[in-house]
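In what follows, a single structure is set out as structure tokens and then discussed.
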Amino acid sequence: MSGNILVVYATKYGSTAAIGEAIASELRIVGFDVDSSPVTERMQSADVSPLKSYRAVVIGSPIYMGKLLVEARDFVKAHQHDLRERPVAVFTVGYSLKEKSDDHLRSANEAVGVLRDFIEPVAVGYFAGSYNPEVMSLSDRLIMKVVGGVPGDYRDWDEIRAWARGLADLIPE
């Protein structure tokens, strides 16, 4: 397999970044050339068409208060024309996704829905994140306390790697 893939992610406390890097690593293992970075680096790029050299793009964002981070939404909106010309996969990360109930998945899907105004993802991954109060802002710690959050790393690395490997089948030769 050949071709360049871009993996970008919005991240607040690093959990989504680690998942994005794991996805990039898995895509490299199956034979793709992959660039990966925080979405904010791509938004600041001087390149007028920073996506033109990529065959596919993977975009990730955590979900906070039922929404994707604004950086991810802004990236999709700013690059919607280039994104429509290639396969795009999206992954979301959230504490509530440690339990993939119908309600939690529906809520995560609604958060991704704002992107569907601009693109139609070929795949969407829903992953649990981690909750480390030591790195969080006071307001986020308070929210987690109110919802009864239990600190821990809930990421399922086998699930994440399997989802990333499955993307290879969605990218045309």
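The values are calculated or read from the model by the stated rules, or taken from the named source; none is laboratory data. Only a predicted model underlies this, so the values are computations on that prediction, with no experimental measurement involved. Note: ideal-geometry Cβ built from the backbone for every residue, glycine included; neighbour counts use all protein chains shown.
In the range 129-145, is there at least one residue being buried (at least 20 other Cβ atoms within 10 Å of the Cβ), in contact with a helix residue (DSSP H, G or I) (Cβ under 9 Å, 6 or more places away or on another chain) and touching a residue at least 12 places away in the same chain (Cβ under 8 Å)? If you could, list the steps in order and put the result at the bottom.
Of the residues in the range 129-145, the ones buried (at least 20 other Cβ atoms within 10 Å of the Cβ) are 129, 131.
Pick out the ones that are also in contact with a helix residue (DSSP H, G or I) (Cβ under 9 Å, 6 or more places away or on another chain) and you get 129, 131.
Restricting the remaining residues to those that are touching a residue at least 12 places away in the same chain (Cβ under 8 Å) gives 129, 131.
Yes, because at least one residue in the range 129-145 is buried (at least 20 other Cβ atoms within 10 Å of the Cβ), in contact with a helix residue (DSSP H, G or I) (Cβ under 9 Å, 6 or more places away or on another chain) and touching a residue at least 12 places away in the same chain (Cβ under 8 Å).
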Residues in the range 75-87: is at least one over 15 Å from the mean Cα position of the chain (by Cα) and over 29 Å from residue 28 (Cβ atoms)? no
The lone condition residue 17 fails out of (1) aliphatic (A, V, I, L, M); (2) assigned to a strand (DSSP E or B); (3) under 20 Å from residue 140 (Cα atoms) is (2)
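Just one of 107, 101 is without any contact (Cβ under 8 Å) to a residue 24 or more places away in the chain and over 10 Å from the mean Cα position of the chain (by Cα); which is it?
Working: 107 fails: without any contact (Cβ under 8 Å) to a residue 24 or more places away in the chain.
Going through 107, 101 in turn, the sole match is 101.
Listed here are the residues, each with its yes/no results for (1) at pLDDT below 95; (2) of a type in the set (A, V, I, L, M, F, W, C); (3) under 14 Å from the mean Cα position of the chain (by Cα).
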residue	(1), (2), (3)
44	yes, no, no
51	yes, yes, no
64	yes, no, yes
120	no, no, no
126	no, no, yes
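Just give me the residues in the range 155-173 being at pLDDT 95 or above and either more than 24 Å from residue 90 (Cα to Cα) or in a loop (DSSP other than H, G, I, E, B) (or both), in sequence order. Talk me through it step by step, then tell me what you get.
Taking the range 155-173 and keeping what is at pLDDT 95 or above, we get 155-167.
Within the range 155-173, 155, 156 meet the criteria.
I'm checking my understanding of the structure. Among residues of the range 53-112 that are of a type in the set (Lys, Arg) and within 23 Å of residue 157 (Cβ to Cβ), which one is surrounded by the fewest Cβ atoms within 10 Å (Cβ to Cβ)? If you could, list the steps in order and put the result at the bottom.
So in the range 53-112, the residues of a type in the set (Lys, Arg) come out as 55, 67, 73, 77, 84, 86, 98, 100, 106.
This time we only want the ones that are within 23 Å of residue 157 (Cβ to Cβ), so: 98, 100.
Working: 98: 19, 100: 15.
If we take residues in the range 53-112 being of a type in the set (Lys, Arg) and within 23 Å of residue 157 (Cβ to Cβ), then 100 is surrounded by the fewest Cβ atoms within 10 Å (Cβ to Cβ).
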